[in-house]
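Everything below concerns the one structure shown next.
The values are calculated or read from the model by the stated rules, or taken from the named source; none is laboratory data. Just so you know, these numbers come straight off a predicted model, no measurement behind them. FYI the Cβ positions are ideal-geometry reconstructions off the backbone, even for glycines, and counts take in every protein chain you see. Only protein heavy atoms, including side chains, enter the accessible area calculation; ligands, DNA and RNA are left aside. Shrake-Rupley method; radii C 1.70, N 1.55, O 1.52, S 1.80 Å.
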Amino acid sequence: MIHADGKKFLLQGKNYGYAMCVTETGFLQHLHYGGKITEADLQYLIGIGKSTAPDPADVNKDMALNLMPGEFGFYAHGDFREPTAVFERTDGATVSRLRYENYSIKQGAPALQGLPHVRSGGETLIVTLKDDFSDIAVDLYYTVYDDSDVLVRNAVIRNTGKERVMLKKAFSFRVDLSGGNFKMLRLGGNWARERIPEIAPIAHGVTKLQSLYGCTSHMTNCFMGILKEHCTEECGECFGVQLIYSGSFALTAEWRKDAPLTLQGGIADIGFGWELCGGEAFTTPQALLTYSDEGLGGMSRSIHDFIRERIVNPASAFRRRPLLVNNWEATYFDFNNEKLFPIIDEAAKLGIDTFVLDDGWFGKRDSDWSGLGDWFVNEKKLKGGLKTVIDRCKQNGLKFGLWFEPEMVNEDSELYRAHPDWAIHKEGAELCRSRQQLVLDFTRKEVVDYVFGVVSKILKENDISYVKWDMNRNITENYSASLPAHRQGEFMHRYILGVYDLAERLTSAFPNVFFEGCAGGGARFDAGMLYYFPQIWTSDDTDGFERTKIQWGTSVCYPLSAMSCHVSVCPNHQTGRTTPFETRGNVASLGAFGYELDLSKMTDEEKELTKKQVDNYKRTEELILKGDLYRLMNPLEQNYFCEMVVSKDKTEAYVVGERILGIPCDYNQYVYLRGLDEERLYHIEELDITASGKALANAGLLLPKLRDFGSWAWHLKKVK
Ligand code: DGJ
C-alpha cells in the first residue's frame, strides 16, 4: 500500500513500513524503514526528522545534508558519504544537488528493458528528483506488495538536456537505517566454497562487498544482510539487500557515529562509465530490500517466496525438476558411446529421468585446451553424433540434456581461428588466460547473434530437454574494439547485457527446454540468472559435509528449488573425504536433486540406496519446490547440521540432519522443530513417533546416535 501526497510518503508491505518526506528546503528525506507504522505517525517522524533536515534560515544549511538520512546521495555538495551516482558534464564538473520534483504511482512492477526484473504485481511509487546544477533527473522506483516483506528499488537516471553527460557511478538505491550496533551477514567464499555465511559487527567507515570479476563471483555474493542488535536465526529484526544482477557489482554499508547506517548498491563503480546523451536514460538494476522481524529465517522465507513467485519464469518456477545424472565426474573429457551407454542404461533402472552430457561433446574438446566455441558434435568421440546418445536415452525412457559454455572460446578452435577479434582483448596487453580459455566479447551484437545461431541449431536439430549453461572464467582486459575510447567504461555492464540478451532469446525460442545456470560451480548464483534459469549448479563441491555449509549459506537468500544438488562418489573429488552414500543423498535432497557419478560402477547396496533416494525425492519434491525452510542447526557453529521444510498448509514436513563428527559423549542432543502447527499432531514415519507441533518445538526430538557424517531424513505428516 502506498500513501503519498507530494510532501510525505508511506510504503506499507506485509510487516514493514518505509517513510519519506520532502524537507522545507526540497530534499527527499528518509524517515523510517523497519516495523509497521501508520499514516498518522508521519507527522511525528517529520518532527524528529527536523533535527537533521537543513534549516532554511541557516546560511550553512546544505552542510546538514551530511547528517540527513536520504534516498539518493549526490556528490560534492554537503553530503560527504559515498554518492549514489556521479554525473560528469562536458566541463568536467560533477557537483550535484538533487531535490524533489514530483511523484506518480503506477499499478504493477516496472518491466526493465534488457535487464532481469520482478515480473508481476505490486504497486509502484516513482519519485523524481532533479539536479539543481545540471540537466540530470533521477526517478526513484519503489515497488511495494501488500503480501510480501520485499520492497523493490531501482533508479533511472535521465539526461533532460542536450549536452552529453558521463555517468561515473550509477547505483540502484540508497537506504539509511537509524540505530546502531548493526552486524553484517555476508556470503563469501571461493571456488568449491561458495556463499559461506559470515556475521561480523559493522565497523566505522565504508564496508564494501564487491565483485570486479564480470560475474557475481565465487568470492562475494551480491547479497548483504544487516542484523539489528539481538537478531538471531529465529528472532529479532534484520534486513536483506540483494541485486537482481549478475555482473560486477558493489554493495556498501557506510557508518559514522553521528549518522544512520547508509546502504547502497548496484553496478560496480570501479571502471564504470556510461555516456548519457541528451534525451537518454540509464536504467539501473533492481535491488530487493527485505525486512524481517522473525530473524534471518523469516527474512530467507520472504525472499524465497518472492524469488519463486515473482522473479523465476512462472512457466518453470514450480515445474517438476529433471531428476538427472550428469557424466562430468564420471568421465570428465574421456568418454565415448561405450562409456556413456552403461550410465544411461543404469539410470533408467534406478528411476532417474534425464541423462546430461557435460563438457567435451563438441569440436576438438579432448581436454580444456581446445574446442570451446565450436558447437558442433565431435563424431570421433560420439560415433553417430548426439543422435546415437539421444536414441539410447529414448530407448531407456530417458530425456537428454546437454552442456554449453556459450560465452567462451579456446584459442585452439575453429571459431577463434576465424574470428580472433571476437575474444575480449586489448592490443598491447598480454592476454590473461584462465583454464586456457578466453571470453567472447558479448558487448558485440554480431557475437551474441552468432552464438544464438549455433546453439539454436543444436537445440533445433536434436531432442534436448535440458541445457546446462556454464561459464568457467572471470573477465579480464575489459575492453572492446567496438566501443569508442570514451565509452570503454560501459564494457562490463554491456557484457552482462549481452548475456541477458542471449539468455532471453534462447529461453524464449525454446520454452520447453529446462535451463540450468552454472559458473565453474556457483560463481553466478544470483536473482538475475534466476530470472532466466530456474535453477543453478550450487557448487562443484558435492562433499557430504562441505555441502551442508554451502547450502546453508546459499539458502540465506535463494530458495531450495534454485539449488542444484547432486550425489557424487567418494573419496570426494574436491575434498578427498569419504562420507556415507546415504548422507550424500540426504544433503542433496534439500535441493534440485541428481547424480554426478558413474552409475554403472555403483555397488548393489548403493544401487538399492539410489532407488530409495529417487523415491524419496519424488515424494518430497513438492515441499522442496514450494515449502517454507527452517534452518535448525548451523554446521558452522556446532557439530550438527539440520534443516526442515514445511508445506504451506503445515500438513507435511521433511527434516534432514547430519552429525558431523563422532565426538565422544556428545549424544544427548535435541533438535527443536519449527514452522509446524503447534495445535496439531504429527507422525514421524522413520521414528514412529506421534507428537504435537508444540511438543516437537518445545521439548524437541532426541537426535539419533550417529558416527562421523551420519545423517537422518524424517518425513512428518499431520495426523489430526
Ligand atoms: C564447471 C562446472 O561447475 C562442472 O559441473 C562442469 O560442468 C565443468 N565446468 C565442465 O567443464
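Determine by what factor the alpha-carbon radius of gyration of segment 73-117 differs from 2.2 N^0.38 Å, reporting the quotient.
Ratio of Rg to 2.2 N^0.38 Å for segment 73-117: 1.61.
Can you tell which of Asn378, Cys393, Phe533 lies farthest toward the positive end of the dipole of the chain, using +1 and -1 charges on the Cβ of basic and acidic side chains (Lys, Arg; Asp, Glu)?
Towards the positive end, the residue furthest out is Cys393.
Can you give me the three principal axis dimensions of segment 208-285 from its C-alpha atoms, in Å, biggest first?
Result for segment 208-285: principal-axis Cα extents of 48, 33, 19 Å.
Could you calculate the contour length gain from Ala315 to Asp391, that is, 0.36 nm times the residue separation minus the distance between their Cα atoms, to one decimal place in nm?
Between Ala315 and Asp391, full extension yields 24.6 nm more.
With a 1.4 Å probe and every protein chain kept in, tell me what percent of the accessible surface of segment 164-312 is carbon plus sulfur.
Carbon and sulfur together cover 50 percent of it.
Beyond a 27 Å Cα-Cα separation, which of these cross-linked pairs lie in this structure: Lys349/Lys457; Lys14/Lys650; Lys648/Lys694; Lys618/Lys650?
In this structure, Lys349/Lys457 lie more than 27 Å apart at Cα.
Which chymotrypsin sites (Phe, Trp or Tyr not before Pro) from segment 235-277 combine a DSSP loop assignment with at most 16 other Cβ atoms within 10 Å?
Filter output for segment 235-277: empty list.
If the cut-off is 13 Å between C-alpha atoms, which aspartates and glutamates fall inside it for Lys61, apart from same-chain ones fewer than 8 positions away?
Glu24, Asp79
Rounded to two decimals, what is the ratio between the C-alpha radius of gyration of segment 309-372 and 2.2 N^0.38 Å?
Against the compact-globule rule of thumb, the ratio is 1.43.
For Ile199 paired with Asn66, estimate the spin-label separation in nm (one decimal), with each label point 7 Å from Cα along the Cα-to-Cβ line.
So the two model labels end up 3.5 nm from each other.
Distances over 20 Å make up what percent of all Cα-Cα pairs in segment 12-83?
Value for segment 12-83 (Cα pairs over 20 Å): 32 percent.
How many angstrom separate the Cα center of segment 226-258 from the Cα center of segment 423-451?
For segment 226-258 versus segment 423-451, the Cα centre distance is 35 Å.
Rounding to the nearest 20 debye, state how big the charge dipole of segment 584-720 is about its Cα centre with +1 on each Lys and Arg Cβ and -1 on each Asp and Glu Cβ.
300
In segment 151-189, which residues have a backbone nitrogen under 15 Å from the label point lying 7 Å from Ala76's Cα in the Cα-to-Cβ direction?
165-169, by backbone N distance to the label point.
Looking at segment 624-720, which GluC sites (Glu not before Pro) are DSSP coil and have at most 16 other C-beta atoms within 10 Å of their C-beta?
Glu637, Glu678, Glu679, Glu685, Glu686
With a 1.4 Å probe and every protein chain kept in, tell me what percent of the accessible surface of segment 625-720 is carbon plus sulfur.
50
To the nearest µm²/s, what D does Stokes-Einstein give for segment 96-164 at 10 °C and 1.306 mPa s, using the Kirkwood radius over alpha carbon pairs as Rh?
121
Which aspartates and glutamates, on any chain, are close to Lys399 with Cα under 13 Å apart, when same-chain ones fewer than 8 places away are left out?
Lys399 reaches Asp345, Asp353, Asp391, Asp463.
What whole-number value in Å² describes the accessible area per residue of the chain for a 1.4 Å probe?
36
Can you classify segment 340-389 as rounded, prolate or oblate using the Cα gyration tensor, where a ≥ b ≥ c are the square roots of its eigenvalues, rounded means a/c under 1.5, and otherwise it's prolate if a/b beats b/c and oblate if not?
prolate
Accessible area of segment 480-600 with a 1.4 Å probe: how many percent of it is carbon plus sulfur?
49
Please give the residues of segment 649-665, grouped as numeric ranges, whose backbone N is less than 18 Å from a label point set 7 Å along the Cα-to-Cβ vector of Gln638.
655-665
Run down the aspartates and glutamates and flag those whose C-alpha is under 12 Å from the C-alpha of Lys130, throwing out any fewer than 8 positions away in its chain.
In chain and number order, the partners are Glu101, Asp139.
Treat each spin label as a single point 7 Å out from the Cα along the C-beta direction, and report the Arg119 to Thr651 distance in nm.
It works out to 2.6 nm between the two label points.
Over all pairs of distinct alpha carbons, what does the Kirkwood formula give as the hydrodynamic radius of the chain, in Å?
26.8
By what distance, in whole Å, do the Cα atoms of segment 480-580 stretch along each of the three principal axes, largest value first?
56, 34, 24
Place +1 on the Cβ of every Lys and Arg and -1 on the Cβ of every Asp and Glu in the chain, take the dipole about the Cα centre, and give the residue among Ala485, Gly188, Ser589 whose Cα lies farthest towards its positive end.
Result: Ser589, furthest along the dipole toward the positive end.
Provide the descending list of Cα extents for segment 45-194 along its principal axes, expressed in whole angstroms.
Taking the Cα atoms of segment 45-194, the three principal extents are 52, 43, 39 Å.
With +1 on each Lys and Arg Cβ and -1 on each Asp and Glu Cβ, and nothing else charged, work out how big the dipole of the chain is about its Cα centre, in Debye to the nearest 20.
620
As a test of the definition: which semi-axes, in Å, follow for segment 136-270 when you take the square root of five times each eigenvalue of its alpha carbon gyration tensor? Largest first, please.
26, 19, 15
Summing -39500 (n - 2.57) over the DSSP H runs of n ≥ 4 in the chain and dividing by its residue number, what mean residue ellipticity at 222 nm do you reach, to the nearest 500 deg cm²/dmol?
Calculated mean residue ellipticity at 222 nm is -6000 deg cm²/dmol.
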